[in-house]
Amino acid sequence: MDPDINRVLYIIGASGHGKVIADLAELLGYTVYFYDDAYPEKQQIEHWTVLGTFDDLLQLELGKINVAVAIGNNVIRQEKMLLCEKHNYQLPRLIHPNAILSQYAQVDTGTVVLAGAVINAFARIGRGCIINTASVIEHDCIINDFVHISPNSALAGSVFIGDCSWVGIGSKVNQLVNIGEHVLIGAGSIVVKNIPANVVAFGSPAKVISHNR
């Protein structure tokens, strides 16, 4: 018997992150299939089937299908999601049952919140973000679109992060700090002051070390 199309999730990106999203999707009751540009060389990822390339997905005429973009690179994830939106595909939020989400927090479409993450009161998370395992987003933070908060990172209250920025694994951001768009914060950094757009910053305290675009 074919699965209900409303409970099928097509995942773009047959990768390690894709496996995590597939596992989460199954916990939430979806049947999972993958699309990846390595097809036809890659036709399987673990027990999941790869059906075709991203262009093949865009040819589907199944109505408002459910799609998740499981690509860690923020810019590429943005490109794929915007194309999916043009095709009127659904980009559901995927929130792990073991994440803690305040009743007053907001999480937009296409964002994934993984196991052990905490999003506290009046935090606002944009479209297409990755809130990764055991990360903490404190009260009143504003996380713009296509941001990646890596595992075990923590943002104190009222932090702002611009579009397509990436906070590396285990990093900490002090309260009231603003981080611009397209910023890469290196792993294990401590961010105590504002970081301008389009740079790489690293260290404790984090300092700008190069441009990022």
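A few remarks follow.
- One decimal place: the segment Asn98-Gln43 gains 16.7 nm when fully extended, by the rule 0.36 nm per residue minus the C-alpha distance.
- Short-range pairs are left out: with C-alpha atoms under 8 Å and at least six residues apart, the relative contact order of the stretch 97-213 is 15 percent.
- The modelled label-to-label distance for the pair Ile209/Asn73, using points 7 Å beyond Cα in the direction of Cβ, is 2.1 nm.
- Coil-residue GluC sites (Glu not before Pro) of the stretch 30-117, DSSP, other Cβ within 10 Å capped at 13: Glu41, Glu46, Glu61
- Where trypsin sites (Lys or Arg not before Pro) fall in DSSP loop in the stretch 74-144, at most 12 other Cβ within 10 Å: none
- Above-threshold pairs, the threshold being 30 Å between Cα atoms, out of Lys19/Lys64; Lys19/Lys207; Lys42/Lys172: Lys19/Lys207; Lys42/Lys172
- Radius 12 Å from Cβ of Ile143, net charge of other residues (Lys, Arg +1; Asp, Glu -1): -4
- Amide H contacts of Gly203 (H built 1.01 Å from N, under 5 Å, at least 5 apart or other chain): Gly186, Ser189, Ile190
- Short-range pairs are left out: with C-alpha atoms under 8 Å and at least six residues apart, the relative contact order of the chain is 10 percent.
- Distant alpha-carbon pairs in the chain (separation over 24 angstrom), percent: 41 percent
- If R0 equals 41 Å, the separation of the Cβ atoms of Val192 and Asp23 corresponds to a calculated FRET efficiency of about 0.70.
- Against the chain, whose longest principal axis comes from its Cα atoms, helix 16-27 is set at around 70 degrees.
- Computed E for Leu51/Gln90 - FRET, C-beta separation, R0 25 angstrom, nearest 0.05: 0.90
- Dipole of the chain [Lys/Arg +1, Asp/Glu -1 at C-beta], most positive-end residue of Leu27, Asn66, Val136: Val136
- Net length available on complete extension from Thr109 to Asn6 is 35.5 nm, with 0.36 nm assigned per residue and the Cα-Cα distance removed.
- If only the Cβ of Lys and Arg carry +1 and only the Cβ of Asp and Glu carry -1, the dipole of the chain around its Cα centre is close to 740 debye.
- Among beta bridges that DSSP assigns inside the chain, antiparallel share in %, nearest 5: 15 percent
Throughout, read-outs are computed from the coordinates displayed, never taken from laboratory work. Here the structure is a predicted model, which is why all the values come from computation and not from measurement. Neighbour counts run over all protein chains shown; Cβ positions are idealised from the backbone, glycine included.
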